[in-house]
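Read the structure below first, then the notes.
The values are calculated or read from the model by the stated rules, or taken from the named source; none is laboratory data. Please read these numbers as outputs of a predicted model, since none were measured by experiment. Cβ placement follows ideal geometry from the backbone for every residue including glycine, while neighbour counts extend to all protein chains displayed.
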Amino acid sequence: MACSSKAYRTNKMKTFITLLTTFILMSASAMAQNGKATTVKTTFSRQTSVSTTINANAAIVWALLTKAADYPRWNSTVTSIEGNIAPGEKIKLKSTLDAKRTFKLKVKEFIPEQKLVWGDGQGARTYTLTKTGDNSVIFNMTEKIGGFMFPLYAGMIPSFDQSFEQFAANLKKEAEIIMNAK
């Protein structure tokens, strides 16, 4: 009976930790409104999110997010993207966060005007667009990186907060310029 009781307590603790982690991540996502990034760190991962309302329709925002060659023109955080941002495609991205490194990423999910996910074996970046009904969208960008070996290199990865805030601000500005020109 004692063994069964211990297993029960262990399962209860695992459930509690899972629920607490989910709550923290959801809270961070909710706090990442109006262009202010938030980051949640755990032992084996880090998740950064930013969200902002863009006064442009989803088609405009989606076009900006999926035209790789155009990123450096409107996005001050990306120096280049090679490849085609489309389902299953591979891209090579260079950012201002680590100018010497080329990130080799795969487009993992692609739902036009709704969701785009790309990533590698270390993590994934998810872009979502939520239509608000008044010709604007809520843009959300979340990146989760981590894994079993994450604690060994976590200290070498710079904060994404400022870069995420700049990305969201650049996207908002460019999409609204295009929308207002119509």
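Values for this structure:
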read-out: Candidate set: the stretch 137-182, residues that are part of a loop (DSSP other than H, G, I, E, B) and of a type in the set (A, V, I, L, M, F, W, C); chosen: the one farthest from GLN122 (Cα to Cα); value: PHE160
read-out: Output for the stretch 105-121, where each listed residue is closer than 21 Å to PHE167 by Cα and not in a strand (DSSP E or B); value: PRO112, GLU113, GLN114
read-out: Qualifying positions in the stretch 88-129 - buried (at least 17 other Cβ atoms within 10 Å of the Cβ), among the hydroxyl-bearing types (Ser, Thr, Tyr) and within 21 Å of ARG73 (Cα to Cα); value: SER95, TYR127
read-out: All positions within the stretch 134-149 that are crowded, with 17+ Cβ neighbours inside 10 Å and over 19 Å from THR38 (Cβ atoms); value: SER136, VAL137
read-out: Any hit, the stretch 152-164, residues being within 16 Å of THR53 (Cβ to Cβ), at pLDDT 95 or above and either surrounded by fewer than 17 Cβ atoms within 10 Å (Cβ to Cβ) or in contact with a His (Cβ under 8 Å, 6 or more places away or on another chain) (or both); value: no
read-out: Sole residue being over 11 Å from the mean Cα position of the chain (by Cα) and closer than 25 Å to ASN34 by Cα, chosen from LEU152, LEU105, LEU129, LEU116; value: LEU129
read-out: Test: VAL50 is β-branched (Val, Ile, Thr) and within 25 Å of PRO158 (Cα to Cα); value: yes
read-out: Hits in the stretch 65-78 - residues which are closer than 21 Å to ASP161 by Cα and either surrounded by 15 or more Cβ atoms within 10 Å (Cβ to Cβ) or in contact (Cβ under 8 Å) with a residue 40 or more places away in the chain (or both); value: LEU65, TYR71, TRP74, ASN75, SER76, THR77, VAL78
